[in-house]
1. What length, rounded to one decimal in nm, is gained on full extension from ASP30 through to GLU190, with 0.36 nm per residue of separation minus their alpha-carbon distance?
2. Just subtract the alpha-carbon distance of SER40 and ASP362 from 0.36 nm times their residue separation and send over the number in nm, one decimal.
3. Average projected area of the Cα convex hull of the range 183-251, in nm²?
4. Compute the FRET efficiency between GLU322 and ALA155 as 1/(1 + (r/R0)^6), taking r as their Cβ-Cβ distance and R0 = 56 Å, and round to the nearest 0.05.
5. Scan the chain and note any complete DSSP helix (H) whose C-alpha atoms cover at least 24 Å along its axis and whose Kyte-Doolittle average is -1.0 or more.
6. Roll a 1.4 angstrom probe over the protein heavy atoms and tell me the percent of accessible area of the chain that is carbon or sulfur.
7. For SER49 and ALA257, what is the calculated FRET efficiency with R₀ set at 56 Å and r taken between the beta-carbons, to the nearest 0.05?
8. Say each of ASP16 and THR111 gets a label point 7 Å from the Cα, pointing the same way as Cα to Cβ; how far apart are those two points in nm?
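The values are calculated or read from the model by the stated rules, or taken from the named source; none is laboratory data. These figures come from a predicted structure and were not determined experimentally. A quick note on method: Cβ atoms are made from the backbone with ideal geometry, for glycine too, and the neighbour counts reach across all protein chains shown. SASA here: full protein model, heavy atoms, side chains in, ligands and nucleic acids out. Shrake-Rupley method; radii C 1.70, N 1.55, O 1.52, S 1.80 Å.
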Amino acid sequence: MTNIKTYNAISAKGLDYLTAHGYEIDGEGDPKGIILRSQSLHDEPIADSIRAVVRAGAGFNNIPVEELSKRGVVVFNTPGGNANAVKELTIAALILAARPVVGAIGFANETRGGDVSLRTEVNKGGYRGTELAGKTLGVIGLGNVGSKVANTALALDMDVIGYDPGLNANTAWRIDRHIVRAKTVDEVLEQADYVTVHIPYTEKNHFFINADRLAKMKPSAALLNMSRGGIVDDLAAKDALDRGALHVYITDFADEALFDHPKVIITPHIGGSTIEAEDTSALMAARQLDEYLTTGNIINSVNYPDIDEPFVTKYRVGIIHENVPNMISQISKFFGDNGINIEQLSNRAVGAYAYTLVAINDFTPEQQEYVKTALDEIPHVILTRRYVNDMI
């Protein structure tokens, strides 16, 4: 049985799928794959036997992607699996930013003695808030989560302006036509009463919202970060709050610099922590891992190009290689020189890496054994894997 190693509490929906498809979970054999949630792998030893790492969630900054890419290990995430959960927490944060609910609850619970009803009624004026209707929400990042937040905000009678430099046709279809599309981040920051950030954490996006960008916001504005720690410069946000240049900051990522600040609300990274989101993400992770290990198809990879082709031949050879000229011709020549007929060849590239999937019907045991090692001798080939279609 193929062994899969897990970190964190992975939903039974995903684990049951794997066991039903012949996998062993956290067994004693060398693992072929890893499924995890928030566990950091940066300082963890990752066995040479590992072929894929799947994050049951959207973010992947807890995985050493660059190192694994050089080894030919495919890294996956599950975009959209927890999008509804994060959307709902973002909407809750919007309400908390508009209405001092947390303070009001504390006040109500601390009222003791005498006519409690009268005392709370008399003093409730200190917890007056504002309504979201008619205000402008700025959404930075219109992917799976941001698009849902933007559409929901429209239903709350808010005006919505969004910015996403990577907006594509699929994303555009998800966004209501009434959402204004900004050309720059500054356009969003300057116009919005509430700003919510929904972009992945990358080296490029470190402190995406910094002191300079905070200075573009209205002093009465609220900033929400339900995306990833490190996207907002928390010290800069604290300084803006202290100077009255920002009204409130709500984040799902704890930072000691923000503790006990009267204008800050921190939640403990619970954006994707719903039963439904954990089930959906785990099942997506399990299916993507199984698909890759059994067919060679790559779906939702963060380091290699996706290829999702029907497996209609008896065999396949998946070749992970560097994205350099002349690779396809070298691979095709290799198969031709060894008398192996290619039924279909699929190739995709992204950044520095490419993936070629070769479909074969006539493939003798001797040829299979030779291909496993000889293809790897071609310069710039990183890893070669063979797949067998048991249904044929």
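1. On the way: separation 160, 0.36 × 160 = 57.60 nm, distance 5.39 nm.
Taking 0.36 nm per residue and subtracting the Cα distance, the gain is 52.2 nm.
2. Numbers: separation 322, 0.36 × 322 = 115.92 nm, distance 4.33 nm.
Taking 0.36 nm per residue and subtracting the Cα distance, the gain is 111.6 nm.
3. Values: hull surface 16.3 nm².
Hull-based average projected area comes out at 4.1 nm².
4. Details: r = 47 Å, r/R0 = 0.84.
FRET efficiency, GLU322 to ALA155: 0.75.
5. Details: long enough: 275-295 (30 Å, -0.22).
Going by DSSP H runs, the hits are 275-295.
6. On the way: 9560 of 19150 Å².
Its accessible area is 50 percent carbon and sulfur atoms.
7. Working: r = 41 Å, r/R0 = 0.74.
After rounding to 0.05, the efficiency reads 0.85.
8. Simple spin-label model gives 4.7 nm for this pair.
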